[in-house]
Amino acid sequence: MSGGARELGKVVCRAYDDAMRAIKAREVLASASTRVKTALRLSLHLVVGVLIGLSVTACCEAPERAGTIASATLAPDSICERDTRAVDAALLAYLSKARSVHLEADLAEADGGNELAIRVLAQFVAGPALGAEQPVPEVREVLADTLARLADLRAARGEFDAAEAELRRGLELAVERTHFRGRLMEVRGALEKRRFEALRSSKDERGAQLAKERSLAALREAVAIQEDVIAGAVGSDTGGRGP
């Protein structure tokens, strides 16, 4: 391999690292709507995937990465560690499909068609995913985010139990304390708030109180997770020295 190709591989892999750290921090702080953040995240995954696909061979063969970063910073998220012969193209296709599905759901919501939005999102999460029983990290993130949106749409329609089922599935995918798990807990808090309001309106004071307690617990956990994410990003940017 030429020195230029090796250097290109290292640059692209560093760009991937930086992009992933940046988006995880900025997603938490952004004031944009959930749909906008989802579209931006899917777009970034897609663009970064294209860049890595163009130089994945250089990245994987660079000895410096193979001996250090590949085993630390990127593992197990590194595309370099997966079978690059098939996964790269399939991953790009999956991310592009996800973005298309979310855009279709956006259009349905814009016309007041929440039922259609739910249907297209539900079909997507029920479809085949890369990695089967153990989806690759990028797929887990997309699925968790989609399930959070699906749960929010169901909760808005009063389908509280169905919404909780979507959240439980998402939490099984987002097991680490990342933005994605925090987002799922945020939606659970909103779900239980809606349930609280519905039960209070029906004069079920006991049920309303329990729903309120669940909402507060979920929202506090969401805040705690996102604070961890922010602290981790700040610590990373300052070399672990804090602000």
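What follows draws every value from the coordinates through simple rules; no lab data is involved. From a predicted model like this one, the values you see are computed outputs, not experimental measurements. All Cβ positions, even for glycine, are placed from backbone atoms using ideal geometry, and neighbour counts span all protein chains on display.
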*Stretchable slack from residue 224 to residue 205, in nm (0.36 nm times residue separation minus alpha-carbon distance)*: 4.0 nm
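Roughly speaking, what is the stretch gain from residue 231 to residue 104, that is 0.36 nm per residue apart minus the C-alpha to C-alpha distance, in nm to one decimal? Before the final figure, lay out each step's value.
Working: separation 127, 0.36 × 127 = 45.72 nm, distance 3.48 nm.
Gain on extension, residue 231 to residue 104, equals 42.2 nm.
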*asked:* At 0.36 nm per residue, and after removing the present C-alpha to C-alpha distance, how many nm does the segment from residue 119 to residue 159 gain when stretched out fully?
replied: 13.0 nm
*Using a basic spin-label model with each label point 7 Å from the Cα along Cα→Cβ, how many nm lie between residue 169 and residue 197?*
2.6
*GluC sites (Glu not before Pro) within region 161-243: DSSP coil, no more than 11 neighbouring Cβ in 10 Å*: 176
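What ranking do 215, 202 get, fewest neighbouring Cβ atoms within 10 angstrom at the top? Walk me through the numbers on the way to the answer.
Numbers: 215 20, 202 10.
Placing the least packed residue first, the sequence is 202, 215.
What order do you get for 106, 145, 152 when you list them from fewest to most C-beta neighbours inside 10 Å? If you can, show how the numbers build up before the last one.
Values: 106 15, 145 25, 152 20.
By the 10 Å Cβ count, ascending, the order reads 106, 152, 145.
What ranking do 234, 142, 229 get, fewest neighbouring Cβ atoms within 10 angstrom at the top?
Sorted ascending by nearby Cβ count, the order is 234, 229, 142.
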